[in-house]
Amino acid sequence: MSTSAATSPQHPPTGDQPGGQPPRSERHPQPGQRPQQRGVRPPGYTLIRCGRHASFLLHRRSAVVAAFLTLLLIAVSVAYLSLGESTVAPAEVIRVLLGHPSPDELVVGTLRLPRLVVGLLVGAAFGVAGALIQTVARNPLASPDIIGISQGATAVTVIGLTFGITSYAVLPYFSVLGGLVAAVLVYLFAWRGGLNATRFVLIGIGFAVALRSITHLVLTKGDQHVAQQAQIWMTGSLNGRGWEEVEPLGWVLLALIPAVLWAARAQRTVSLDDGTSTALGVRLGRVRLGLVGVGVVLASVATGAAGPVDFVALLAPQTARRLTRTAQIPLLCSALVGAFVVVLADLLSRRAFAPTELPVGVLTAAVGAPYLIWLIVRGRTAAGRA
C-alpha cells in the first residue's frame, strides 16, 4: 500500500497540504467560524487565561470554599480583637487596623493583635504540614502530632529550655532541628524498598511514644521553674506572644512559600498510584522526600512558636478535603481551616472559662481526640466491609 493511501480519508494530501495536514481553513478558522475544540475540560473546573500563552484550571467549588473560609476567618479575627477583659467595638478594631488613632490602640494593637497573628500563622502552617504528610502517607491519621514529628520538635525544644534558652524567637530553630531528626528516623525505619502507609504511621507512633518519654525524663531532671514553663508550652499556648515572636515565624514561613507552591503542584502526581506516577516519569522517592521535608519544617516552626497544638494538623486537611470534594487535599483551604481552628480555639479558651485562661491546645485536643477515634472506627468499618 502506498503512503498516500494510508493517510486519513478526511483530509487527503494535496500539493498545498503536504503530509495530510487539515485544510488551512480548519487550522485557522475564518471570522464567524467556531474554533476547533482542542481538549476536554474536567468537570467542575473553569479555564482561567493569563495572557495569550498562560492558562490554568480553577476548581470552582474549591474557590467558593476558600472565599467562604476567608470570610469566616475575617469575622472570627475581628471577634478575637474585640472580645476580652475589656470589650472593644468592631468599628474601633477596624480603625486600629487601618492605622487611625484610637483610645483602644494599646489593647488591640499591642496586646491582642500579635497574639492573633501568631495564631493565624501557626494554624496555617499546621494545616499545610498535615496536608502534605497525609498526602505522602495516603493516610488521614498521618499528621505531625501522631507520627512523632511534633514530639521530636518538643523534645529538642524542652532540652533547650532546660539549658536556659527561653526566648520564643530562638525556640523555633530548636523545634525545626528536632522535627527534622524525628522525620528522618521515621522515614528511614519505614522505608522497605518503598513507603508503606500503614508501616509509616505505626513506626511514627512508636517514635512519638519514645520521644515523649525522653521529654518527660528531661523535665524530671531539670529545674522546677523551667519544668513548669515547659509544661505550659507543651500543651500549646499563645499566651504572652508578641511581635518579637511574629517576626522570625513570619520570615521563615515567607521563605517557604516557593516550596509550598512547588508542593501544591507535586502532590497531584503523588496522589496517583505508584505505577501511574512512575509511568508519567515522576521520581516518587525524591518527590515524597521533598513533600515530607516541607511539611516537617512547617510543623516544627509552628511547634516552636506556640508549642505542639495537638490535632490541628489532623483536623484541617480532612475538613478541607470534605468541603471541597477534591481528589487531593487542597493546601490553601487546609491553611485557612487550620488558621480558623487555632484562632477560634484560642478565643474560646480566653473567654469561655473566664477569668481562667486555658491553653489553646487543651481545646483543640478536646475536639481532635473524638475525631481521631472516629477516623479509626471508620477505617475499621471500611476494612470490614471490604
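The values are calculated or read from the model by the stated rules, or taken from the named source; none is laboratory data. The shown structure was predicted, so the numbers you read here are calculated from the model rather than taken from an experiment. We place every Cβ from the backbone using ideal geometry, glycine too, and count neighbours over all the protein chains shown.
Let me confirm something: among 326, 319, which residue is farther than 14 Å from residue 302 by Cβ, hydroxyl-bearing (Ser, Thr, Tyr) and in a helix (DSSP H, G or I)? Full working, then the answer.
Working: 326 fails: in a helix (DSSP H, G or I).
So the residue among 326, 319 that is farther than 14 Å from residue 302 by Cβ, hydroxyl-bearing (Ser, Thr, Tyr) and in a helix (DSSP H, G or I) is 319.
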> Which of the residues that make up the range 190-204 are surrounded by fewer than 15 Cβ atoms within 10 Å (Cβ to Cβ) and either touching a residue at least 12 places away in the same chain (Cβ under 8 Å) or among the hydroxyl-bearing types (Ser, Thr, Tyr) (or both)?
Replying inline: 194, 198
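Of the residues 326, 356, 319, only one is at pLDDT 90 or above and either within 21 Å of the chain's Cα centre (by Cα) or over 30 Å from residue 63 (Cβ atoms) (or both); which? Steps first, please.
Working: 326 fails: at pLDDT 90 or above; 356 fails: at pLDDT 90 or above.
Exactly one of 326, 356, 319 is at pLDDT 90 or above and either within 21 Å of the chain's Cα centre (by Cα) or over 30 Å from residue 63 (Cβ atoms) (or both), namely 319.
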> Just wondering, is there one or more residues in the range 222-236 that are closer than 23 Å to residue 311 by Cα and of a type in the set (Val, Ile, Thr)?
Replying inline: yes
> Where in the range 47-166 are there helices (runs of 4 or more DSSP H), lying wholly inside it, with at least 1 residues that are surrounded by 12 or more Cβ atoms within 10 Å (Cβ to Cβ) and touching an Asp or Glu at 6+ places or on another chain (Cβ under 6 Å)?
Replying inline: 90-97, 113-137
>> Looking at 241, 265, 212, 199, can you tell me which residue is within 22 Å of residue 331 (Cβ to Cβ) and under 24 Å from the mean Cα position of the chain (by Cα)?
In response: 265
>> Looking at the range 176-195, can you tell me whether even one residue there is hydrophobic (A, V, I, L, M, F, W, C), more than 21 Å from residue 245 (Cα to Cα) and not in a helix (DSSP H, G or I)?
In response: yes
>> Based on this model, can you work out whether residue 250 counts as surrounded by fewer than 21 Cβ atoms within 10 Å (Cβ to Cβ) and more than 19 Å from the chain's Cα centre (by Cα)?
In response: no
> Could you list, in sequence order, the residues of the range 91-132 that are of a type in the set (Gly, Ala, Ser), within 14 Å of the chain's Cα centre (by Cα) and more than 20 Å from residue 359 (Cα to Cα)?
Replying inline: 129, 130, 131
> Looking only at the range 64-103, which residues are among the acidic types (Asp, Glu) and over 17 Å from residue 350 (Cβ atoms)?
Replying inline: 92
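With the structure loaded, tell me whether residue 178 is touching a residue at least 40 places away in the same chain (Cβ under 8 Å) and in contact with a Ser or Thr (Cβ under 8 Å, 6 or more places away or on another chain) or whether it fails that test. Show your work before the answer.
On the way: touching a residue at least 40 places away in the same chain (Cβ under 8 Å): yes; in contact with a Ser or Thr (Cβ under 8 Å, 6 or more places away or on another chain): yes.
Criteria met by residue 178.
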> Only one residue in 294, 341, 309 is buried (at least 24 other Cβ atoms within 10 Å of the Cβ), aliphatic (A, V, I, L, M), modelled with pLDDT of 85 or more and not in a loop (DSSP other than H, G, I, E, B). Which one?
Replying inline: 341
>> What pairs come out if I take residues in the range 362-375 that are of a type in the set (Phe, Trp, Tyr) and pair them with residues that are outside any helix (DSSP H, G or I) whose C-beta lies under 8 Å away, six or more apart or interchain?
In response: 371/311
> Is it true that residue 169 is crowded, with 20+ Cβ neighbours inside 10 Å and either assigned to a helix (DSSP H, G or I) or at pLDDT below 85 (or both)?
Replying inline: no
>> Testing residue 275 on (1) at pLDDT below 85; (2) of a type outside the set (Phe, Trp, Tyr); (3) surrounded by 16 or more Cβ atoms within 10 Å (Cβ to Cβ), one condition comes back false. Which one is that?
In response: (3)
